[in-house]
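Report on the structure given below.
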Amino acid sequence: MGFLPGKVPTEILERIVFKNLGVKRSDVVVGPTAGVDVAIVKAGEELLAVSTDPITGAEEWIGWLAVNVSANDVATCGVQPRWFVSCMLLPEGSKEALIDKICRQIDKAARQLGVSIIAGHCEITPGISHPIVVGCAIGVAEGGKYVTSSGAKPGNSLILTKGAGIEGTAILASDKRRELLGTFDEKFLKKAENFFEKISVVEDAITAFQTGGVSAMHDPTEGGVAGGVHEMADAAGVGFQVYEEKIRIPEETRKICEFFEIDPLQLISSGSLLIAAEKERSEEIVNRLSQKGVYVSVIGETKKPSFGRKMVTRKGEKTDLVRPISDHLWIALAKQL
């Protein structure tokens, strides 16, 4: 049996991918590691943060997402993204209008973030049925200062912005609109689709980093908030305890997940930012983000590895936090209603 859609399992990365990385170079400061989505490389006297991500769905917003998702990863280092490279793969029969739409979205997203498009590639690719855009964002670590998702330490507070399932909610409201219209009205679905506008965490991440006390940051993408917390724990080698009642699930997310019978904690969550911070600084970070109009809450704390990876449910029961096998977005998209 082959793999399910989405990220390849971590054990495959460790057994195969991470063992085939070319030559070792001294200018690679942070290379490929489970749970770490950004490379840190030395270029002259500067440290660069580099990240890449594909957008394989959400055709209506694909250019917008390509810029923001890669830029988010760079920002989780506390680094402002500066440059963006794109690779656009388009199905046979694509028209000029599709290229124009994607490029306009890339341009708009880049301008909002102060990012320059510096290179790219665009082709018609046989064998695919929908556009795919692969993005790469790059930034400079000012003063050589940065964090990665591997920096979390036992005793840190775990802070989450915005809530669970941000991107997944928007994708389902857009791509499954016809099915959802039988249950929800246009106003509700438009509000849910507009979650795409909340995808960026760049300002949130830079604000938290500049406040101080941040040990690690991570944006929960595939696998949602549940997957994101596990990925941070993988990278840092820590345990954790999170509290279900502290994890915000927007009304639109909750209702759409109930419709498709999926778990919002396992739904792709670009737009959320997971922060591990020193406990004594966590209140200040929460306050700074709240002042910028960002919903933010402390959802738990990191522990020693021996503690395990726990969630306290709304009923007060302590259980292992589920580790997603495949993002629940794929389950919803595959359902025939």
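The values are calculated or read from the model by the stated rules, or taken from the named source; none is laboratory data. Treat the numbers as computed from the prediction; the structure is a model and nothing was measured. Don't worry about glycine lacking a Cβ; one is built from the backbone with ideal geometry, like all the others, and counts go over all protein chains shown.
Quick notes on this one:
- Qualifying residue in segment 244-251 (condition: closer than 29 Å to L65 by Cβ, in contact with a His (Cβ under 8 Å, 6 or more places away or on another chain) and outside any helix (DSSP H, G or I)): no
- Unique residue being within 11 Å of V140 (Cβ to Cβ), assigned by TED's automatic domain parsing to the domain that holds G135 and surrounded by fewer than 24 Cβ atoms within 10 Å (Cβ to Cβ) when the list is V85, V79, V74, V50: V50
- When segment 164-184 is limited to residues that are charged (D, E, K, R) and touching a residue at least 24 places away in the same chain (Cβ under 8 Å), the one that is surrounded by the fewest Cβ atoms within 10 Å (Cβ to Cβ) turns out to be E179.
Listed here are the residues, each with its yes/no results for (1) in contact (Cβ under 8 Å) with a residue 40 or more places away in the chain; (2) more than 18 Å from D219 (Cβ to Cβ); (3) in the same structural domain as T169 (by TED's automatic domain parsing); (4) in contact with a Lys or Arg (Cβ under 6 Å, 6 or more places away or on another chain).
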| residue | (1), (2), (3), (4) |
| --- | --- |
| Q266 | yes, no, yes, no |
| S272 | yes, no, yes, yes |
| V294 | yes, no, yes, no |
| K304 | yes, yes, yes, no |
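- Unique residue being outside any helix (DSSP H, G or I) and hydrophobic (A, V, I, L, M, F, W, C) when the list is C103, C87: C87
- Residue match in segment 148-158 (condition: crowded, with 22+ Cβ neighbours inside 10 Å and in a strand (DSSP E or B)): yes
- Test: V322 is touching a strand residue (DSSP E or B) at 6+ places or on another chain (Cβ under 6 Å) and among the aliphatic types (A, V, I, L, M): no
- Positions within segment 298-322 being surrounded by fewer than 17 Cβ atoms within 10 Å (Cβ to Cβ) and in a loop (DSSP other than H, G, I, E, B), in sequence order: K304, G308, T313, R314, K315, G316, E317, V322
- Of the residues making up segment 215-222, none is part of a helix (DSSP H, G or I) and out of contact with any Leu (no Cβ under 8 Å at 6 or more places or on another chain).
- Test for F209: is it within 24 Å of S70 (Cβ to Cβ), in contact (Cβ under 8 Å) with a residue 60 or more places away in the chain, in contact with a Phe, Trp or Tyr (Cβ under 7 Å, 6 or more places away or on another chain) and not assigned by TED's automatic domain parsing to the domain that holds C77: no
- Those residues of segment 236-256 which are touching a helix residue (DSSP H, G or I) at 6+ places or on another chain (Cβ under 6 Å) and either modelled with pLDDT under 95 or more than 21 Å from D320 (Cβ to Cβ) (or both), in sequence order: E252, T253, I256
- Single condition I199 does not satisfy, out of (1) over 18 Å from the mean Cα position of the chain (by Cα); (2) buried (at least 18 other Cβ atoms within 10 Å of the Cβ): (1)
- Among (1) out of contact with any Ser or Thr (no Cβ under 8 Å at 6 or more places or on another chain); (2) of a type in the set (G, A, S); (3) assigned to a helix (DSSP H, G or I); (4) farther than 20 Å from N68 by Cβ - the single one S129 does not satisfy: (3)
- Of all residues in segment 20-37, those satisfying the criterion of being of a type in the set (D, E, K, R) and either modelled with pLDDT of 95 or more or more than 21 Å from G237 (Cα to Cα) (or both) are K24, R25, D27.
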